[in-house]
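Here is the structure we will look at.
The values are calculated or read from the model by the stated rules, or taken from the named source; none is laboratory data. Since we're looking at a predicted model, the values are computed, not measured. Reconstructed Cβ throughout: ideal geometry from the backbone, glycine too, with neighbour counts over all protein chains shown. For the accessible areas, the whole protein counts, side chains as well, though only heavy atoms, and no ligand, DNA or RNA atoms are used. Shrake-Rupley method; radii C 1.70, N 1.55, O 1.52, S 1.80 Å.
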Amino acid sequence: MSKPNYAEDNPGKKIVMLGNEAIARGILEAGVVIGAGYPGTPSSEILPALAEMQKYFPHFKLEWSINEKVGFEVAYGGSMSNVRSVAVMKHVGLNVASDAFMTACYAGARGGMVVISADDPNCYSSQNEQDNRYFGLHALVPVFEPATPQEAKDMIKYAFNFSEEYHSLVLFRTTNRLNHGRGDVILGEVKEINRDYGFDWDRSRWVCLPSHSRVLRVRLLERLHEISEFADEFPFNSLKLSKEKINGVRYGFVAAGIPYSQLLDALNFFGITNKVSILKLGLVYPLPKKLFKKLFEFTDEIVVVEELEPFIENILKQLAFEEGISKELKIHGKDLFPQNGEFSAEIYLENIANLVGLPYEKVPVPENMMIIPPRLPILCPGCGHRATFYAIKQIEKKMKTKFVNSSDIGCYTLAVYKPLKGIDTQICMGGSIGLANGIAKIQPEKNPVLAILGDSTFFHSGIPALINAVYNKNNILVVILDNRATSMTGFQDNPGTGILITKEQGIRVIIEDLVKGCGVSPDKIWVEDSYNLNKTIEKLKIAVKAEGVRVFISRHLCSLVEANRRRVQHIKPPIVKVDQDKCVGCLICVNKFGCPALNFDDSKKKVIIDQATCRGCKVCIEVCPQNAIYEEIES
């Protein structure tokens, strides 16, 4: 395999990069040694890009950690040891890491330390839209936010210098549009930091017991004050002033990150970029007060453009109040732009046109344009999770009862949709078992409580909740869907595969052994290949009817990973077809099992299998009550 372009040692060369690749390139150029984290869209590509670079720059020490908290601690241990370190996670991952993060901010950084938080406006692949700029305000640490892939590369490189200069952790906030957008990036020089590495045994700093933390808290506040004084000189902030008026009003705009880039597009569309004042922020906390005050002098109305919460808007209004001009100066924000979702181009155009009194007409939708009907997200063809959820529904039907299915977040959460309708709760990683602990205390025994989660999710945060269930004698069945991959975020390996981020062989952790170690009795642990539907139903029914804490491990390799391995090894998947003479069009395979490879021919009133989609799992053979589905054996 050729060297990826983002790993080239060719300063000055311009190449097109994914935002996450640009961030990884900046980390390389900054001389970072340790990188750790947990995969989570939209941040997932950063550490794998670094792992590709490690082949050519072996100073990197990288890992997929078991969860974000451990990943943060691994990186922070590096900072304590005077190496530059980065912790990578999506926005909700910082919730997991926050226990360590909030206290580590007191002690600050020794080697440069950056925490990347990739936020997800519009919940494209997340359970919430939380705005992690507030973690900077909460932890009293600076928050950087880049606007383009080039700036992301340059800014994160600068962030490590900044971290060491102020002995502060840096929160580097991105959003999905930056992470997964592409743009031109000019490569910089790759340097390794020449310094002595090693732990310094400064107990007054690294041992955060109350007597030390009281002192560290004062230093934290002093650091924040120093950074606040520097905020106006921050190299990625810029202020462009204009004295011109539009319809008698001097307008100013404030934005950071992707909203700044899209704001410029909208202002250019109307041809008013040079007629308004614009404050572009790269440091979104603490904010540059002197630049704001200068902006106040040149504007009658200010528009703060920011996705999600009114973070900058509220601070700006507070500053205007302190300056005694809050009544004379109009500050817009969430009165114009919504507090939810990602902003579309139309939102910018409509709001700016309405604000400044410029004509704007929406682009009309052609009458003959084809409208694609909405489609629910579904499990892949051949997904072993579908078979497991189908088995659960069959057992419910046979037992003439209803289960409470408490789920984690992952591919399997898609089973909430028709036709499986197999999920009743889902809030976070590890929450399936945690919620089941509480539900089981109340729910009558006629309604069994199942906690359903994936293998990577179990390693991430399911283990403590399982131990809790054993310790407190809660009556639950834990169903671990082991597909040997962290599939929803990009098929990353985990302890269940034993493969490291560098693709080297590590130590594989056996889920069955781990479950036993959590205190689950060996006679209450069942394992089955989910493709063996009848055996899965048989064993799972026994597990459902048992008492106490029990675990059913439904195991089959992710169908996408399996299909890719077959392609690489030139192995053809089994060919599954429908005997048109036996098919009666009952639609049980379509309406109850729901594999997207199964289609209904309305003209013939028969089911057919799309061979281009089918993965050859053969589970539908066992689903069909007419024995109309079969495997074609090549002669």
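If only residues of the stretch 450-486 that are small (Gly, Ala, Ser), touching a strand residue (DSSP E or B) at 6+ places or on another chain (Cβ under 8 Å) and closer than 27 Å to Tyr124 by Cβ are counted, the one that is surrounded by the fewest Cβ atoms within 10 Å (Cβ to Cβ) is Ala485.
Among the residues of the stretch 426-445, are any of a type in the set (Val, Ile, Thr), under 27 Å from Asn95 (Cα atoms) and assigned to a loop (DSSP other than H, G, I, E, B)?
Pass one, the stretch 426-445, residues of a type in the set (Val, Ile, Thr): 427, 433, 439, 442.
After this cut, where a residue has to be under 27 Å from Asn95 (Cα atoms) as well, the list is 427, 433, 439.
Going one step further and asking which of them are assigned to a loop (DSSP other than H, G, I, E, B), we end up with 427.
Yes, that holds for at least one residue.
What about Trp206, is it aromatic (Phe, Trp, Tyr), surrounded by fewer than 12 Cβ atoms within 10 Å (Cβ to Cβ) and not assigned by TED's automatic domain parsing to the domain that holds Leu295?
Values: aromatic (Phe, Trp, Tyr): yes; surrounded by fewer than 12 Cβ atoms within 10 Å (Cβ to Cβ): no; not assigned by TED's automatic domain parsing to the domain that holds Leu295: yes.
When the stated conditions are applied, Trp206 does not pass them.
Counted as qualifying within the stretch 1-99 are no strands (runs of 3 or more DSSP E), as none has 3 or more residues that are of a type outside the set (Lys, Arg) and touching a His at 6+ places or on another chain (Cβ under 7 Å). Taken residue by residue, the stretch 215-230 has no member that is in a helix (DSSP H, G or I), within 30 Å of Ser125 (Cα to Cα) and not polar (S, T, N, Q). So Thr457 fits all but one of (1) free of Cβ contacts under 8 Å to residues at least 60 places away in the same chain; (2) within 29 Å of Leu587 (Cα to Cα); (3) among the hydroxyl-bearing types (Ser, Thr, Tyr); (4) in a helix (DSSP H, G or I); what number is the exception? All conditions are met except number (2). The set of residues in the stretch 588-614 that are surrounded by 13 or more Cβ atoms within 10 Å (Cβ to Cβ), among the charged types (D, E, K, R) and either free of Cβ contacts under 8 Å to residues at least 12 places away in the same chain or more than 27 Å from Val416 (Cβ to Cβ) (or both) comprises Asp601, Lys606.
Might you let me know whether the stretch 18-28 holds any residue that is touching a helix residue (DSSP H, G or I) at 6+ places or on another chain (Cβ under 8 Å), modelled with pLDDT of 95 or more, more than 22 Å from Asn128 (Cα to Cα) and surrounded by fewer than 22 Cβ atoms within 10 Å (Cβ to Cβ)? Yes, the stretch 18-28 contains a residue that is touching a helix residue (DSSP H, G or I) at 6+ places or on another chain (Cβ under 8 Å), modelled with pLDDT of 95 or more, more than 22 Å from Asn128 (Cα to Cα) and surrounded by fewer than 22 Cβ atoms within 10 Å (Cβ to Cβ).
Let's see how each residue does on (1) in contact (Cβ under 8 Å) with a residue 60 or more places away in the chain; (2) in contact with a Gly (Cβ under 9 Å, 6 or more places away or on another chain); (3) more than 28 Å from Phe458 (Cβ to Cβ):
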site	(1), (2), (3)
Asn10	yes, no, yes
Gly31	yes, yes, yes
Gly37	yes, yes, no
Pro58	no, no, yes
Glu73	no, no, no
Gly77	no, no, no
Met80	yes, yes, yes
Ala97	no, yes, no
Met102	no, no, no
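Name the single residue that is nearest to Lys446 (Cα to Cα) among those in the stretch 387-403 being open to solvent by less than 10 Å² (accessible area, probe 1.4 Å) and outside any loop (DSSP other than H, G, I, E, B). Steps first, please.
Of all residues in the stretch 387-403, those open to solvent by less than 10 Å² (accessible area, probe 1.4 Å) come to 387-389, 391-392, 395, 403.
Then keep just the ones that are outside any loop (DSSP other than H, G, I, E, B); that gives 387-389, 391-392, 395.
Numbers: Ala387: 24, Thr388: 21, Phe389: 19, Ala391: 18, Ile392: 15, Ile395: 13 Å.
Selected residue: Ile395.
Once the stretch 521-563 is narrowed to residues that are aliphatic (A, V, I, L, M) and in contact with a Gly (Cβ under 9 Å, 6 or more places away or on another chain), the residue that is farthest from Ile463 (Cα to Cα) is Ala563.
Looking at this structure, is Asn564 under 22 Å from Leu376 (Cα atoms) and open to solvent by 60 Å² or more (accessible area, probe 1.4 Å)? Judged against the criteria, Asn564 is not a match.
Cβ-Cβ distances below 8 Å connect the following pairs, each with a first residue in the stretch 478-502 that is free of Cβ contacts under 8 Å to residues at least 12 places away in the same chain, a second residue that is open to solvent by 20 Å² or more (accessible area, probe 1.4 Å) and aliphatic (A, V, I, L, M), and a separation of six or more residues or different chains: Gly498/Ile507; Gly498/Val509.
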